[in-house]
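Below you'll find the structure, written out as structure tokens, and then a few comments.
Where a number appears in this text, it was derived from the coordinates with a stated rule and is not lab data. Every value quoted in this text rests on a predicted model; they were computed, and no experiment measured them. Positions of Cβ are backbone-derived with ideal geometry, glycine not excepted, and every protein chain shown enters the neighbour counts.
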Amino acid sequence: KIKKQQKDHKTIIDFAGSKIGNGNFVVIAGPCAVESQEQMFMTAKVIQDMGTIFMRGGTFKPRTNPYSFQGLGIDGLGILEQAKKKYNVIVSTEVMSTEMVDVVSRNVDILQIGSRNMQNFDLLKKVGKTSLPVILKRGLSATIEEWLAAAEYIMCEGNRNVILCERGIRTFEKYTRNTLDLSAVLAVKQLSHLPVIVDPSHGTGRSDMILPMAKAAMAIGADGIMIEIHPNPGEALSDGDQSINFAGFTDLIGEVQKLKKVF
Ligand code: PEP
Ligand code: MN
């Protein structure tokens, strides 16, 4: 009986009533990078208008090329905090280094560990000592076992509120930016009590694939999605090709609402 209870145990993370991991399908949306206050206020407003609540936005950006836009840094944190206060959104942002964990934690609600840092063990331990929920993105080439072991690094420091995020892995295929491994979501659901969300933006690199892959994520029982949206994707300072505009976001929320009645 005890074993069964343990097996049935699911981690549910409660953000003042908005839960992740309770069977509900959440949508976390926002730009790849925080670019301006105006952009984030517009984004927070459309999120509020759609009746969703979770917003993302990177201000410390792990860019492949050192000459690409690196994010607004501390200034971006201030913008996120203003958007949070004005529109009552729950904000997630990436933290890239141990030194920044304390300051980032003061400004946002959810810490993101990016794919490139999935096995940065010092960083995992540090966020494990905070009381904020952590979205742990799967490493670019991480096995499921390595991903779950990384989650364990956070949890064994005391922070049990980990959300796993499948964001595609590197394969030989070049047509898409990454290969979105939806079967890994099922595997992790079998192996772990943690909520699992899917990032079809990084998972495919293509805005036209976000909606179909979001539906697929819903069909397999993922706990939600994280998607990149931008007021004008063509002008985005990063990841415009995998971002949808606000009209696309509105459509996506409509589809998700419809499908919630089916699944
Ligand atoms: C991001 O979410 O903006 C990001 C950089 O994602 P990943 O770490 O999955 O590449
Ligand atoms: Mn991005």
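Table for the structure above
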quantity: Spin-label pair residue 160/residue 186, simplified geometry with 7 Å Cα→Cβ offset, distance in nm; calculated: 2.9 nm
quantity: In order through region 35-46: 3J(HN,Hα) via Karplus (6.51 cos²θ - 1.76 cosθ + 1.60), integer Hz, x for Gly, Pro; calculated: 10, 7, 5, 4, 4, 6, 5, 4, 5, 4, 5, 5
quantity: Percentage, to the nearest whole number, of Cα pairs in the chain over 32 Å apart; calculated: 14 percent
quantity: Amide proton proximity set for residue 178, modelled H, under 5 Å, gap of 5+; calculated: 204, 205
quantity: Residues whose placed amide H lies under 5 Å from that of residue 32, excluding near-sequence neighbours; calculated: 229
quantity: Packing-based exposure ordering (other Cβ within 10 Å, fewest first) of 193, 230, 202, 9; calculated: 9, 193, 202, 230
quantity: Share, in percent, of DSSP beta bridges within region 2-260 that are antiparallel, nearest 5; calculated: 10 percent
quantity: Longest exposed-site-free window of the chain, the sites being GluC sites (Glu not before Pro) in a DSSP loop that have at most 16 other C-beta atoms within 10 Å; calculated: 1-156
quantity: Convex hull volume of region 23-122 per residue (C-alpha atoms, cubic angstrom); calculated: 112 Å³
quantity: Under Karplus coefficients 6.51, -1.76 and 1.60, residue-wise ³J(HN,Hα) of region 228-233 in Hz, glycine/proline x; calculated: 9, 10, 8, x, 8, x
quantity: Residue of 197, 229, 20 that the Gaussian network model of the chain assigns the largest fluctuation, springs spanning Cα pairs under 10 Å; calculated: 20
quantity: Residue with peak Gaussian network fluctuation, the chain [Cα springs, cutoff 10 Å], from 83, 214, 142; calculated: 142
quantity: Order of 172, 121 - criterion: other Cβ atoms within 10 Å of each residue's Cβ, fewest first; calculated: 172, 121
quantity: Relative contact order (%) - the chain, alpha-carbon pairs under 8 angstrom, separation at least six; calculated: 18 percent
quantity: Neighbour-count order for 226, 96, fewest beta carbons within 10 angstrom listed first; calculated: 96, 226
quantity: Globularity ratio of region 186-263, using Cα Rg and 2.2 N^0.38 Å; calculated: 1.15
quantity: Choice from 203, 73, 21 showing the highest fluctuation, given a GNM over the chain with Cα pairs closer than 10 Å; calculated: 73
